[in-house]
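Following: one structure in C-alpha cells, then a few remarks.
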Amino acid sequence: MKTYPVERVRNVGLFSHGGAGKTSLSEAMLFSTKATSRLGRVEDGNTASDWDPEEARRSISISTSVLPLEWREHKINILDTPGYADFVGEVKCAMRVVDCALILVEASAGVEVGTEFAWRFADERSVPRVLVVNKMDRENANFESCLQSIQDAFGDTVVPAYLPIGQESSFGGVIDLLQMRAYTFSTGADGGVTESDVPESMLDAAETYRLQLVEKIAENDEDLMLRYLEDEEISADELRAALKTSVANGIIVPVLASASTTNRGVGIILDALVDLAPSPQPTYGVNESGQTVPVLPSGDGPVVAFVWKTIADPYVGKLSYFGVMSGTLKSDSHIWNVSKGVDERIGQLFCMRGKEQIPVSEVGPGDIGAVSKLGETGTGDTLCDPSFKVTLDGITYPTPLFSASVTPRTKSDLDKMSQALHRLVDEDPTLHIGRDPESAETIISGLGESHVQIVLERMSRKFGVNVDFELPTVQYRETIMGSVQKVEYKHKKQSGGHGQYGHVYLDVCPSDESFEFTETIFGGAVPRQYIPAVEKGVREAMEEGVLAGFPVINVKVTLTDGSYHAVDSSEMAFKMAAIQAFRKAAESANPVILEPVQSLHVTIPDSYTGDVMSDLTSKRAHVTGMAPGDNGHSTIEAVVPASEVQRYATDLRSITQGRGTFTTEFSHYQQVPSHLTDTVIKTMKAKQETRV
Ligand SMILES: Nc1nc2c(ncn2[C@@H]2O[C@H](COP(=O)(O)OP(=O)(O)OP(=O)(O)O)[C@@H](O)[C@H]2O)c(=O)[nH]1
Ligand SMILES: [Mg+2]
C-alpha cells in the first residue's frame with residue numbers, strides 16, 4: 001500500500017450498539033474499494049474484520065480490527081470496534097487514535113445504550129462525528145423516527161446530509177441534500193449508483209431537510225450566513241467545505257443512510273469520509289520539563305507515536321499497533337519509549353488489514369501501523385525520537401466489574417497459566433489478574449461475565465492453557481457473640497522423652513478491635529517468657545474458626561491464669577495449650593459467621609429505579625440513600641452482602657439493558673442470617689474438599 005500525505009489520510013472508527021452493522025459495513029467498504037474481491041458475511045464467519053475464531057463462532061466482534069482502504073486517492077483506516085459492552089476497553093483504545101467517529105444506528109431500533117456510550121466516549125475526546133442510519137432495508141426500518149430518537153438523545157447538532165429514498169424492502173437510494181441530486185442503487189451488491197433528479201414525490205421532504213442543513217451550516221460560518229441572508233447563490237461545494245469545518249469542530253454531525261449487507265449507500269459513506277471527515281490533526285504532549293507542547297502531523301518532524309493496542313500473536317509474538325502523530329517511523333530503526341524510559345528497536349513494520357500483516361518500510365504522519373516484538377512497550381505508551389521526548393495522553397479504562405477464580409486443569413496448564421494470563425493482560429488492559437492471599441485463588445477480573453469467559457476460551461485456543469473458573473470464594477469471617485471466662489486447657493505430654501506441659505485459662509469476649517490480647521497473670525502463674533507463645537497460639541487458632549474454618553475477628557482474649565512445669569514447659573507447649581483453649585472458648589461463646597458487606601453506588605436512568613430497588617431488596621441490600629444526578633440519572637447508595645453481588649454486572653445489565661453502571665468497595669462485616677448459616681458452612685466445606 002502506498003504512503004499518502006497526511007491531508008489524504010482518514011482515521012475513522014466504527015462505533016455503535018452491538019449488532020448495528022459495523023463489521024458488515026467495513027466488509028462492504030473493503031469490497032467497494034476493491035481491497036477484497038468478495039463480500040463476506042458475519043453469519044458465515046468470513047469477514048476480514050471478525051477474523052478471530054471466537055468472533056466467527058459467536059458472530060460478534062471481540063476486538064478492534066484495522067482495515068485500511070483506498071478511495072478517491074485517499075487512505076481511509078477503518079477501525080472496526082466491538083459493540084458488546086464487555087469489550088468497551090477496545091472501544092476506548094480505538095477512540096484514542098481516530099480523527100472521526102462513524103456511529104451507526106439501526107434504522108428499526110434508534111438510539112440504544114451502545115450508541116449512547118459511543119457518543120459519550122467521542123465527547124470525552126471531542127472526536128468529530130458522522131452518523132449512519134444502517135439496516136435501512138430491514139423490516140420496521142424507519143428513518144424519520146430513528147432520526148428523531150438520535151436528535152432527542154444528542155441534540156440538534158445532528159442533521160441529515162442525505163435522505164433515504166424508500167425504506168425496508170424499498171430502500172433504493174439516497175438524496176444528496178447539498179447538491180439536491182438523487183443516487184439510485186444498482187440492484188446487485190456491487191455498490192453501483194445512478195445519479196438523477198430528486199424524485200418528484202420526495203422534493204418537499206428534501207427541500208425541508210436541505211433548508212435545515214444549509215441553515216445549520218450557515219449558522220456556523222459568518223461569510224456564508226451573510227450571503228445566505230442576502231439570498232445569494234451558494235454552491236454545493238462551498239456548503240460542503242463549510243460543513244467539513246463544522247464537522248471538524250463538532251458543531252454539526254451529518255446523518256447518512258445505508259444497508260451494508262447489500263452494499264447500498266456504502267460508496268456515499270466513503271465519499272462523505274473523504275469530503276467531510278477531518279484528516280489527522282495536531283495534538284499535544286507534555287515534554288520532560290512538564291510543558292505542554294504541540295505535536296504536529298508533519299512528515300519530517302520528530303517521530304512521535306502512540307501505542308493504542310497490543311495483541312499477543314502466537315506466531316509473531318507481541319504485536320503493537322500505533323498511530324503516528326508526528327514524523328515518519330521507519331523499519332529497522334530505534335525509538336524511545338518515554339512512558340517506560342527505555343530504548344526500543346523497531347524491526348519490521350506492518351500495515352495491518354484484519355489479521356493480514358502487510359510489510360511496509362515506513363509509516364507516515366497521521367497513519368496507523370503495527371510492529372512486532374517490542375520489549376517493554378504496552379498499550380497507552382508514547383514512542384518518540386529521543387531528541388523530542390514528549391508524553392501523550394494515555395487511555396482511561398473502566399474498572400473491572402466481574403471476577404472469577406481460575407483453576408488450571410492439569411499440571412502443564414498450571415506451568416503455562418501465569419505467562420498466558422499476563423499475555424492476555426498485555427492485550428486487554430481492562431483485564432486484571434491477581435492472587436487472593438487468603439484463598440490463594442488466582443483471580444481474573446473483567447468488565448463482565450462473558451468478557452472473562454471469552455478471554456479464558458481465547459487462552460485455551462491461543463496458548464493451550466485450560467482452566468476451570470468459578471466465582472471467587474467470599475471472604476467470610478467468624479466471631480463470637482457471647483463471653484466466656486476461665487476456659488481452661490492443659491497441654492500435657494509426659495510419657496517418656498522430653499515432656500510437654502502448658503496450662504492456660506482464657507477469658508474470651510467480643511471486641512470492636514479486630515483482635516485484642518491481654519493478660520492478668522498473677523504471681524508468675526505463667527512465666528513471662530511463655531506469654532507471647534500463648535498470644536501466638538491464640539492468633540494461630542483464630543486463622544481457622546470453629547464453625548467453618550473462616551478467620552476469626554473482633555475478639556478480646558485475656559490470659560488470666562495457668563501453670564507451668566519447670567522442665568516440660570516450653571513456648572510450643574503453651575502455644576498448643578492456647579490453641580485448644582481458644583477453640584474451646586470459641587465453641588461455647590456463641591460463635592457466628594460474618595459476611596463481607598459491600599457498599600454499592602449504582603447510577604441508572606430514573607426509569608429503572610423501581611426495578612433496581614426491588615432487585616437490591618431481593619439481594620438483602622439496605623439502601624442508604626439516593627441522589628438525583630445529571631441527564632435524568634440517579635445514584636442509589638446501598639450496602640449489600642458481597643455474596644449477593646458477585647454477578648451484579650450481569651444482573652444490572654439485564655435490568656437496565658446495559659444503561660446502569662456501578663462501583664463497589666468493601667464496607668464492613670455483618671452476621672450471616674441464621675437461615676443462611678448452614679448453606680455458607682456447607683458451601684465452604686465443599687470447596688475445601690475439592691481443593692484437597
Ligand atoms: N438486513 C440487514 N442486516 C444487516 C445489515 N448490517 C448488518 N446486518 C446484520 O446484522 C447482524 C450484525 O451485524 P454486524 O456487522 O456483525 O454488526 P456489528 O455492529 O459489527 O456487531 P458487533 O461487532 O457485535 O458490535 C448480522 O447478522 C448482519 O448480517 C444491514 O444493513 N441490513
Ligand atoms: Mg462487529
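Quick grid of which residues meet (1) on the phi > 0 side of the Ramachandran plot; (2) modelled with pLDDT under 95; (3) assigned to a strand (DSSP E or B):
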{"site": "Ala305", "(1), (2), (3)": "no, no, yes"}
{"site": "Lys318", "(1), (2), (3)": "no, yes, yes"}
{"site": "Val324", "(1), (2), (3)": "no, no, yes"}
{"site": "Glu344", "(1), (2), (3)": "no, no, yes"}
{"site": "Val371", "(1), (2), (3)": "no, no, yes"}
{"site": "Thr377", "(1), (2), (3)": "no, no, no"}
{"site": "Asp393", "(1), (2), (3)": "no, yes, no"}
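Of note, Gly549 satisfies the criterion of being at positive phi, in a loop (DSSP other than H, G, I, E, B) and of a type in the set (Gly, Ala, Ser). Of the residues that make up segment 370-391, is at least one open to solvent by 40 Å² or more (accessible area, probe 1.4 Å), over 30 Å from Pro294 (Cβ atoms) and free of Cβ contacts under 8 Å to residues at least 60 places away in the same chain? So far as segment 370-391 goes, yes, one or more of its residues are open to solvent by 40 Å² or more (accessible area, probe 1.4 Å), over 30 Å from Pro294 (Cβ atoms) and free of Cβ contacts under 8 Å to residues at least 60 places away in the same chain.
Taking residues in segment 530-553 that are under 23 Å from Ile593 (Cα atoms), and partners anywhere that are assigned to a loop (DSSP other than H, G, I, E, B) and open to solvent by less than 50 Å² (accessible area, probe 1.4 Å), the pairs with Cβ atoms closer than 6 Å and at least 6 places apart or on different chains are Glu543/Pro551; Phe550/Tyr476; Val552/Gly545. Would you please name the residue that is farthest from Ile269 (Cα to Cα), looking only at residues in segment 206-221 that are open to solvent by 40 Å² or more (accessible area, probe 1.4 Å) and assigned to a helix (DSSP H, G or I)? Checked segment 206-221; the qualifying residue farthest from Ile269 (Cα to Cα) is Glu219. Among the residues of this structure, Leu203 counts as one that is surrounded by fewer than 17 Cβ atoms within 10 Å (Cβ to Cβ), part of a helix (DSSP H, G or I), at pLDDT 95 or above and of a type in the set (A, V, I, L, M, F, W, C).
Quick one: count up the residues across segment 578-612 that are small (Gly, Ala, Ser) and surrounded by 19 or more Cβ atoms within 10 Å (Cβ to Cβ).
Number satisfying all stated conditions: 5.
Close Cβ contacts (under 6 Å, 6 or more residues apart or on different chains) running from residues in segment 458-487 that are closer than 17 Å to Leu421 by Cα to residues that are open to solvent by 30 Å² or more (accessible area, probe 1.4 Å) and among the charged types (D, E, K, R) comprise Val465/Lys416; Asn466/Arg409.
Which residues, taken from segment 1-30, are assigned to a helix (DSSP H, G or I) and either among the small types (Gly, Ala, Ser) or within 16 Å of ligand 2 (Cβ to nearest atom) (or both)? Passing the criteria: Lys22, Thr23, Ser24, Leu25, Ser26, Glu27, Ala28, Met29, Leu30. Scanning segment 78-112 for residues that are open to solvent by 10 Å² or more (accessible area, probe 1.4 Å) and over 21 Å from Val66 (Cα atoms) yields Glu106, Ser108, Ala109, Val111, Glu112.
Check segment 154-167 and report whether any residue there is modelled with pLDDT under 95 and open to solvent by 20 Å² or more (accessible area, probe 1.4 Å).
Here is the first cut: in segment 154-167, the residues modelled with pLDDT under 95 are 156.
Applying the additional criterion that residues be open to solvent by 20 Å² or more (accessible area, probe 1.4 Å) yields 156.
Taking every residue of segment 154-167 in turn, at least one turns out to be modelled with pLDDT under 95 and open to solvent by 20 Å² or more (accessible area, probe 1.4 Å).
Scanning segment 190-200 for residues that are at pLDDT below 95 and either touching a Leu at 6+ places or on another chain (Cβ under 8 Å) or open to solvent by 90 Å² or more (accessible area, probe 1.4 Å) (or both) yields one hit, Asp190.
The rows are residues; the columns are (1) at pLDDT below 95; (2) in contact with a Gly (Cβ under 6 Å, 6 or more places away or on another chain).
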residue: Gly464; (1), (2): yes, no
residue: Arg477; (1), (2): no, no
residue: Ile480; (1), (2): no, no
residue: Ser483; (1), (2): no, no
residue: Lys486; (1), (2): no, no
residue: Gln494; (1), (2): yes, no
residue: Gly499; (1), (2): yes, no
residue: Val504; (1), (2): no, yes
residue: Asp507; (1), (2): no, no
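Here Asp415, Asp436 are screened, and the one residue that is modelled with pLDDT under 95 and open to solvent by 70 Å² or more (accessible area, probe 1.4 Å) is Asp415. For segment 228-278, the candidate set comprises residues that are modelled with pLDDT under 95 and assigned to a helix (DSSP H, G or I); within that set, the residue that is surrounded by the most Cβ atoms within 10 Å (Cβ to Cβ) is Tyr228. For beta carbons closer than 8 Å, sequence separation of 6+ or different chains, a first residue in segment 40-53 that is on the phi > 0 side of the Ramachandran plot and a second that is within 10 Å of ligand 1 (Cβ to nearest atom) and assigned to a loop (DSSP other than H, G, I, E, B), the qualifying pairs are Gly45/Ser59. Of all the numbered requirements in (1) assigned to a helix (DSSP H, G or I); (2) out of contact with any Phe, Trp or Tyr (no Cβ under 6 Å at 6 or more places or on another chain); (3) open to solvent by 30 Å² or more (accessible area, probe 1.4 Å), Glu535 misses one, and that requirement is (2).
Under the condition of being open to solvent by 10 Å² or more (accessible area, probe 1.4 Å) and over 19 Å from the mean Cα position of the chain (by Cα), the residues counted in segment 60-77 number 5.
Residues that are within 14 Å of Asp615 (Cβ to Cβ), of a type in the set (Gly, Ala, Ser) and open to solvent by less than 50 Å² (accessible area, probe 1.4 Å) within segment 636-670 comprise Ala638, Ala649, Gly660, listed in sequence order.
One line per residue, one yes/no per condition, for (1) within 16 Å of ligand 1 (Cβ to nearest atom); (2) more than 25 Å from Ala48 (Cα to Cα); (3) free of Cβ contacts under 8 Å to residues at least 12 places away in the same chain:
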{"position": "Glu73", "(1), (2), (3)": "no, no, no"}
{"position": "Gly89", "(1), (2), (3)": "yes, no, no"}
{"position": "Arg96", "(1), (2), (3)": "no, no, no"}
{"position": "Val111", "(1), (2), (3)": "yes, yes, no"}
{"position": "Trp119", "(1), (2), (3)": "yes, yes, no"}
{"position": "Val130", "(1), (2), (3)": "yes, no, no"}
{"position": "Asn142", "(1), (2), (3)": "yes, yes, no"}
{"position": "Thr157", "(1), (2), (3)": "no, yes, no"}
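For Ser59, the test of being over 27 Å from Val307 (Cβ atoms), within 11 Å of ligand 2 (Cβ to nearest atom) and without any contact (Cβ under 8 Å) to a residue 60 or more places away in the chain is passed. Taking (1) modelled with pLDDT under 95; (2) more than 12 Å from ligand 1 (Cβ to nearest atom) in turn, Asp52 satisfies each apart from (2).
State yes or no: is Glu55 open to solvent by 10 Å² or more (accessible area, probe 1.4 Å) and of a type outside the set (Gly, Ala, Ser)? Criteria not met by Glu55.
The values are calculated or read from the model by the stated rules, or taken from the named source; none is laboratory data. Since the structure is predicted, the reported quantities are computational estimates derived from the model, not experimental observations. Reconstructed Cβ throughout: ideal geometry from the backbone, glycine too, with neighbour counts over all protein chains shown. When the accessible area is computed, the model is the full protein with side chains, heavy atoms only, and any ligands, DNA or RNA have been set aside. Shrake-Rupley method; radii C 1.70, N 1.55, O 1.52, S 1.80 Å.
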